[in-house]
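Contents: one structure, followed by commentary.
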């Protein structure tokens, strides 16, 4: 075995993130590591990459024991990591990003020409074409990932850890990536693939190790398993499927007409003549690879950003170009896509975080109604099982999942006619996910209009009545719940027409 | 008007631009590694005082210069320790360092020289004025460019050096990388803190020189608060110059010209109050036209909780 | 369900307390370095600040403008705006108040009220100017407020050197003395403490209540804490910024006003810059993490250090500037939150890193 991790245990105070984990990797092998959020995958990989030190356990590479105190130790031992959020320097060129840390020199100077040649040679050797002189900021996500892989190869990596590599890629890019991984594996590079997308894992890996609650629940070869078995190992129980009632949608609540948002520096528009409606009693899902205009669309229909052309109507009222306050008054509730950037204030208390956006119902004559606020928030905390020390606990002391539940509670509590639910279950555990999905479906039954934006196709398919697919700022297609399949959505997401495949 | 705008104005511009430029280059280095150095003012003041102190103790301007650099480097180390190591808000620490510099220089002024307000000693000699052979003989140009203190030449020389270091060398490349994406730099095994400390200490040394030019170059005395906001103007020069040495030089020269002009106008019938306002007003007006976005990131959290 | 979290409160107090002790320690080193006796010096300092009823009230007199300006700074900091322009705002407040008190006709109370309004308005507008430059032109508020200070100092200097200069007086740069009907009443006869202190104390409590119980106060806190969160919830940054900068400047302006109406009875060039009121106010705010009540106490502490420093200078060889050294190191220790950092690091070592 090239790599052996033996009895790795990692404790943070009372929390055990990794519990006596054994993990091995052979040369040229692709070994997937799967598990739910918080199962301990990231911790294990951070230990391997020297970002964290294990409480107990040993790491052997080619039979020799190593104790990494920093990533540079790990890099020196031939381990490379491609992070989920790319570790690139956007204003630097491709070549600069690849050679950084081992720059070719001419005296004191950084020999950029030599760097470009070196990168060219490297990219030819591994069959991963890039333009050394291009600025990384101008490269599409798929290329950026290629740059990351080339960078770790240039560092001399024999083992490459890939953390959720397909998260931001189009289906085509994913396909290319998985092929590239197999090809590199044939050239002797070993991969550890962290993922929660089972079919990808099945497609590309030789072996699969499943983690749950910090323990290994199984290591299997790809041939001897299937997606159902894996998900049971991951979750530890069968998932209950929620049934969606058939409902006849009512009047238009949200109307988006011809919304266009121009890109920076005269590039392609970020939003291109977007028009759709969300009716009372329906959930409209917006699918798409992230970065195709979802964030901008959300900002336009919540008043955080003005549109260049077009109109937004909320419950019959023209709110185009108005402030978020007006949108909220007109009936908007908004579960934002990034709970820390938009959805909460880490330094403030649970109560303070719970009343934002709905001050009107919590105040009289400009004064906060403290008693009512306490009572209401306490109820939410009960109903959504938010784990918090007290109402005065600061936001930063809540776990991500609990903060998300608090935000959902806040936005669902006021019975607004329209709800934006953007990535409503990102990073929460299964239990919380079910609570949140139930809340959204209940609102639908209560005749609410819901716009669901999610990068999880399963979520979109489970909840939506209609599905719109965004691609490069345009609506690439619309599918009803009946005609939607993962495959058809994927094709639309990649810029295909969807019609041709039928 | 002829008497206001003559060639000697340009010459005095070079003289007054040196402290601004040196400090602004220090600020630019810090900005390159992602640190907003509000402490330039205090560091410069410390430099001005310690240069006089060194001169008084050692009776030698060069030792005084070295002493000033060491003292300010120590102050900048403190700034670095608090803002890099303890991760305190750099703006708050910068403001605190400015307080410390004001208090400490006034205190030491009394403690060492037993005077308040300002210290001046006839026996002290300031920095020498160097004439550049050949250039000094060219009419007008010689008058403007030649006959300055070595620090004036050093400031302009440093612009070229830093331009080369930042954009051509491996060191500069990595310095920029640390500022652009510290997390990525760290994941590559670059010692982010080491680069940050290096930049902060270098900015301290530069501010030491800037202060020395103030107290030993233009005059030979120290007065309480003699920097009078120059550190902040240098900060603006840093921002306007996009932390690019050549750009910083351009903006510093603009402010230096205003400073020189304001000194010049004092001989005329305009009330000195208004002539002295000129550099500050100019700075604000220039800020109108050149916007800086990077500071927004830095000034995010200040409530202090 | 009113439970006070004792450990949290204790920690909140512990931090400034340790900073004060460390500050005094640095001061002791400085005293020792200039050959003074540490104990004698600190005894003299205590006496100078609180040694008698007279000195105590003098300390509170000095604290009054610091408290008011500190409240203004706290308001701006809480909203997330680094308003370092308290000095200029105080100066314009004082100048406007002096003009109003001099030229508004009528009985004393009318003069006082119009001086207060003029002072608050002038300070508020000067501060809002910086706010406007930020919202309209995205100019760095930290820098503009600083630069506007210098402009205010010079402008006020010009005004009292030329157009408003006292005709008959000693020739110093100052306005004429205001009519004594417009003088703020003293709280105790023979003492310097004036009615402005009461108003400062009231303003402290009002501001604390404002943050806690009003929607605007809530919006300001959220804006400072996470501007995007506030925007998301419908808070309008531009409007709120102008409002909070205006209020912040008005409080500083009021501080200047009371210096004119309660202490000097005229505007004198440098009367606010020389004692460094505005910077003390900023220090007080930083010491108290922008908490109004904390800031008021910190203001008294700093004023005590300053009046104490004067006592030290009167009675020992150690110069007055010793208090600047103590103040500055105090603020440095607080800014670094050294105690918290040390505790954290110890914990970190125990559990080996905090996991996100």
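Read the figures in this text as sums done on the coordinates, not as results from a lab. Keep in mind it's a predicted model, so treat the numbers as computed, not measured. Every residue, glycine among them, receives a Cβ derived from its backbone with ideal geometry; neighbour counts consider all protein chains shown.
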- Mind checking B:108-118 for the average number of partner chain beta-carbons within 10 Å of each residue's beta-carbon? 3
- Whole-number percent relative contact order across segment A:3-235, with pairs defined as alpha carbons under 8 Å at least 6 apart: 28 percent
- Rounded to the nearest 10, the angle in degrees between the Cα long axis of helix B:230-240 and the longest principal axis of the Cα atoms of chain B comes to 60 degrees
- Query: GNM on chain C, C-alpha springs below 10 Å: top fluctuator among C:306, C:174, C:264?
  - Reply: C:264
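Per-residue counts of other Cβ atoms within 10 Å, averaged by peptide: what ranking do you get for A:40-48, A:302-310, highest first?
A:40-48, A:302-310
Please report the antiparallel percentage of the DSSP beta bridges confined to chain A, to the nearest 5.
Values: 46 of 83 bridges.
Approximately 55 percent, going by the DSSP bridge assignments.
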- Using a simple spin-label model with points 7 Å from Cα along the Cα→Cβ vector, what separation in nm is obtained for residue C:53 and residue A:246? 9.1 nm
- Query: Of the residues C:316, C:61, C:263, which exhibits the maximal mean-square fluctuation in a Gaussian network model of chain C defined by a 10 Å Cα contact cut-off?
  - Reply: C:316
- Query: Listing B:281, B:72, A:216, B:219 from the residue with the fewest other Cβ atoms within 10 Å to the one with the most, what is the order?
  - Reply: B:219, B:281, A:216, B:72
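Would you mind giving the mean number of other chain beta-carbons within 10 Å of the Cβ of each residue in A:421-427, as a whole number? All intermediate terms of the calculation are to be shown ahead of the outcome.
Numbers: counts 0, 0, 0, 0, 0, 0, 0.
Counting Cβ atoms of other protein chains within 10 Å of each residue's Cβ and averaging gives 0.
Among C:238-251, B:155-168, B:265-278, how do they line up by average Cβ neighbours within 10 Å per residue, starting with the highest? Could you put the intermediate results ahead of the total?
On the way: C:238-251: 24.3, B:155-168: 17.6, B:265-278: 15.1.
Descending packing order for the listed peptides: C:238-251, B:155-168, B:265-278.
With a cut-off of 8 Å between alpha carbons and a minimum separation of six or more residues, what is the relative contact order of chain A in percent? Working shown, then result.
Numbers: 983 pairs, mean separation 69.5, N = 502.
Here the relative contact order equals 14 percent.
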- Query: Put a dot 7 Å past each Cα toward the Cβ at residue C:205 and residue C:32; how far apart are the dots in nm?
  - Reply: 4.4 nm
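Ordered by packing density, taken as the mean number of other Cβ atoms within 10 Å over each peptide's residues, highest first, how do C:78-91, C:195-208 rank?
On the way: C:78-91: 30.4, C:195-208: 18.4.
Result, highest mean first: C:78-91, C:195-208.
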- Note on the structure: Check: C-alpha center segment B:137-183 vs C-alpha center segment A:268-284, spacing in Å is 54 Å
- Within the set B:101, B:68, B:183, GNM on chain B using Cα springs under 10 Å gives the largest fluctuation to B:183
- Item | Taking B:30, B:207 and counting other C-beta atoms within 10 Å, the order from fewest to most | B:30, B:207
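Quickly estimate the mean residue ellipticity at 222 nm for chain A, helices only: each DSSP H run with n ≥ 4 gives -39500 (n - 2.57), and the total goes over all residues, rounded to 500. Provide the component values of the computation, followed by the final result.
Details: 16 runs with 158 residues, N = 502.
After summing the helix terms and dividing by residue count, I get -9000 deg cm²/dmol.
How much of the DSSP beta bridge set in segment A:3-235 is antiparallel, as a percent to the nearest 5? All intermediate terms of the calculation are to be shown ahead of the outcome.
Numbers: 24 of 43 bridges.
Antiparallel bridges: around 55 percent, rounded to the nearest 5.
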- Message: Residue by residue through B:168-178, how many Cβ atoms from other chains fall within 10 Å of the Cβ on average?
- Response: 5
- Query: Can you give the helix-only mean residue ellipticity at 222 nm for chain C, where every DSSP H stretch with n ≥ 4 adds -39500 (n - 2.57) and the sum goes over all residues, rounded to the nearest 500 deg cm²/dmol?
  - Reply: -24500 deg cm²/dmol
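Relative contact order for segment C:215-282 using alpha-carbon pairs under 8 Å, separation at least 6, rounded to a whole percent?
Taking the mean separation of contacting Cα pairs over the length of segment C:215-282, I get 15 percent.
Could you list C:32, A:342 in order of exposure, starting from the residue whose Cβ has the fewest other Cβ atoms within 10 Å?
Values: C:32 12, A:342 24.
In increasing order of surrounding Cβ atoms, one gets C:32, A:342.
Take every DSSP beta bridge with both residues inside the protein assembly as shown and express the antiparallel ones as a percent of the total, to the nearest 5.
Details: 54 of 91 bridges.
Roughly 60 percent of the DSSP beta bridges within the protein assembly as shown come out antiparallel.
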- Item | Compactness of chain A as Cα Rg over 2.2 N^0.38 Å, two decimals | 1.05
